[in-house]
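The values are calculated or read from the model by the stated rules, or taken from the named source; none is laboratory data. If you're wondering where the values come from, they're calculated on a predicted model, not measured in any experiment. Cβ: placed from backbone, ideal geometry, glycine included. Neighbour counts: every protein chain shown. What goes into the accessible areas is simple: the full protein's heavy atoms, side chains included, and nothing from ligands, DNA or RNA. Shrake-Rupley method; radii C 1.70, N 1.55, O 1.52, S 1.80 Å.
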Amino acid sequence: MKIGILSRKPELYSTRRLAEACEEKGHEVKIIDTLRCYMNITSHNPEVHYKGQKLEGFDAIIPRIGASITFYGTAVVRQFEMMGVYSLNESVAITRSRDKLRSLQLLARKGVGGAVTGFAHSTQYTEDLIKMVGGAPLIVKLLEGTQGIGVILAETDKAAESVIEAFRGLKANILVQEYIKEAGGADIRCFVVGDKVVASMMRKAKEGEFRSNLHRGGTGSIIKITPEERSTAVRAARIMGLNLAGVDILRSNHGPVVMEVNSSPGLEGIEKSTGKDVAGMVVDYIQKNARDGKTQTRGKG
Ligand code: ADP
Ligand code: MG
């Protein structure tokens, strides 16, 4: 097969490992800088060009779209879909998962456990909003934050109110969420490929920190997850429509709580914590599932 990896950074561990795995399994692989693609969106002859040339003959693409380029990145993915090229994750699924509010609403609709979460436009009734989600301590979260940036723990109702008002004053969209204290600064990253959790790790926040993100100094270690956690992760990925997903789960007193579903989960932490060839499993999945025009986004927007 000829596989394209849409990534801005060929030197990144995840990009390198995916490219290696493609080559090991006898595929031709090209790393494509997403922002350098440009496209012709006519219906009879959709094209993607790159560095002055038309991209041709691809059987599949692996989109690794960073949060800062979601808009352009998903347009490029959509264009490959228009050309009938299989995309490991569909453009609509990537867009969907980038919006924490939309994701939580979709998961809640299907009965997947999440933390009690509030959302408001106006700050007129902030006091009631805070009461609605159970009062302090509370998490206030930027809707499109990533790597733990934009996640704040407010210890008192007053602090929560000030933070909410400050963010809203800056026109930022935020969620107000119950603080799952019993998780103890740890969460579980489940790496889902297709309908399986192929690897999982526990991420523990560093001393004095509640956010377990590796980018915030958290550390990963291997963990055995429960059948309930496993099925929750698989369901969450399926609801989002992602074939490849990093599903983050907190262990709460009332069972597994899905924090978020990432569409470009990093490989370094999970491979190093578990010793598994996760990249290889991703490529195996593509090998089994990539078919011309199989990405179903077409017609769905
Ligand atoms: P990001 O997209 O920035 O990673 P998350 O929603 O995943 O945002 O939050 C980052 C981290 O903060 C989580 O991995 C978790 O450790 C901690 N966290 C977030 N929300 C809560 C919560 N409601 N209760 C307890 N910890 C939380
Ligand atoms: Mg996260």
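Fully extending the segment from E165 to E207, taken as 0.36 nm per residue of separation minus the present Cα-Cα distance, adds 12.2 nm. For the range 115-126, backbone phi angles converted through the Karplus equation (6.51, -1.76, 1.60; θ = phi - 60°) give residue-by-residue couplings of 6, 4, 9, x, 8, 8, 9, 8, 9, 5, 10, 4 Hz, Gly and Pro being listed as x. Among the trypsin sites (Lys or Arg not before Pro) in the range 144-253, those placed in a DSSP loop whose Cβ has at most 15 other Cβ atoms within 10 Å are K171, K206, K224.
Rounded to the nearest whole Hz, the Karplus-based 3J(HN,Hα) values (6.51 cos²θ - 1.76 cosθ + 1.60, θ = phi - 60°) of the range 260-276 follow the sequence 6, 10, 9, 8, 10, x, x, 9, 4, x, 6, 5, 6, 6, 9, x, 8, with x at glycine and proline. Each residue of the range 174-191 was assigned a 3J(HN,Hα) from its phi angle through the Karplus expression (A = 6.51, B = -1.76, C = 1.60, θ = phi - 60°), giving 9, 9, 10, 9, 3, 8, 8, 5, 5, 5, x, x, 10, 9, 10, 9, 9, 9 Hz with x at Gly and Pro. Using C-alpha pairs under 8 Å with a sequence gap of at least 6, the mean separation divided by the residue count of the chain gives a relative contact order of 20 percent. Measuring against 21 Å, Cα to Cα, the residue pairs K171/K206; K131/K206; K30/K288; K30/K272; K9/K224 contain K171/K206; K131/K206; K30/K272; K9/K224 as the ones spanning a longer distance.
Surface composition of the range 180-255: carbon and sulfur make up 50 percent of the accessible area, probe 1.4 Å.
Solvent-accessible surface of protein heavy atoms, probed at 1.4 angstrom with all chains present, puts I222, I270 in the order I222, I270, largest first. In this simple spin-label model, placing a label point 7 Å from the Cα along the Cα-to-Cβ direction at both V116 and T42 gives a separation of 5.8 nm. The heavy atoms of M83 offer some 60 square angstrom of accessible surface to a 1.4 angstrom probe.
Convex hull volume of the C-alpha atoms in the chain, normalised per residue: 136 Å³. Accessible surface calculations at 1.4 Å, restricted to protein heavy atoms, place the chain at 48 Å² per residue.
Over all projection directions, the Cα-based convex hull of the range 73-152 averages an area of 7.2 nm².
Each other residue within a Cβ distance under 14 Å of I69 adds +1 if Lys or Arg and -1 if Asp or Glu, for a net charge of +4.
When only the Cβ of Lys, Arg, Asp and Glu is charged (+1, +1, -1, -1), the dipole of the range 214-295 relative to its Cα centre reaches about 160 debye. Per residue, the convex hull around the alpha carbon atoms of the range 117-179 comes to 69 Å³. Amide H to amide H, with H built 1.01 Å from N, L6 comes under 5 Å of I32, I62, R64, counting only residues 5 or more places away or on other chains. Taking the accessible area of the range 117-179, probe 1.4 Å, and keeping the other protein chains in place, the carbon and sulfur fraction comes to 54%.
Please give the FRET efficiency for N253 paired with E144, using the beta carbon to beta carbon distance and R0 = 30 Å, rounded to the nearest 0.05. Efficiency, rounded to the nearest 0.05: 0.55.
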